[in-house]
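Heads up: the structure comes next, in structure tokens.
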Amino acid sequence: MTVVNLVGATESRPADETMVDRARVGEAVDAPREAAGLRERGRCGGAPSRLASLARRRREQLLYLVVGAWNTLFGYGVWALFEHLLHSHLHYLVIVVLSWPFSVGNAYIGYRTFVFRSKGRVLRELPRFSLVYVVTLLCGLVALPILLHTLPFSIYAIQAGFTAAVVVLSYLGHKFFSFRQTVKRTEAVKRTAQRVDTSCDGQAPRPGLSRKGA
């Protein structure tokens, strides 16, 4: 009799309890999908996400401008200090040459660490990096006397403008010569990230989401 009652109780289980159990199972299955959807919408939705995506793609250029601004201030400050202290003893072109190693060393540390994030050997990169600035140094030694005689500005104003111009012009030299190997690896990563970002706007399908047999 007890067995019959137990079987009957099992078979006569209310339908609403069964539906509740099924709903719980459905929620457990759908929860990871909803969480993934929220992450996807958070990554791909709205102007802030697009701005963040643009900032990631242009990280190198933005950081180069920031570090370049610091290098400009540092290099100009070192030169101005030497010029102020030594102008009565040394020719101004000699002072430019003396301040040059300090500027190059500071620039190399900043660009290697923050902009290109290079892990290459210093003994290989530093000579290539310095060669870019040797070119700009020679251009400065030639252009500075000409600019001093042709422009109605002091040597401090002319050197400030030339130092800022060097930051902009040296970007290509560092990108394609000084840190060339590091840049190649970074560009490969950026291309992969861009393919993922464009899928948010429907411009490119994400891998693994296309229908089989399509």
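Taken together, the values in this text are just the output of simple stated rules run on the coordinates, not laboratory data. Small disclaimer: the values here were computed from a predicted structure and weren't measured. With ideal geometry, Cβ positions are generated from the backbone for all residues, glycine too; neighbour counts draw on all protein chains shown.
Go ahead and run the numbers for FRET between THR150 and LEU123, Cβ-Cβ distance against an R0 of 35 Å, rounding to 0.05. Here the calculated transfer efficiency is 0.25. About the centre of its Cα atoms, region 59-197 shows a dipole size close to 940 debye [charges on the beta carbon of Lys, Arg (+1) and Asp, Glu (-1) only; nearest 20 debye]. Projecting label points 7 angstrom from Cα along Cα→Cβ for HIS87 and ALA69 puts them 2.8 nm apart.
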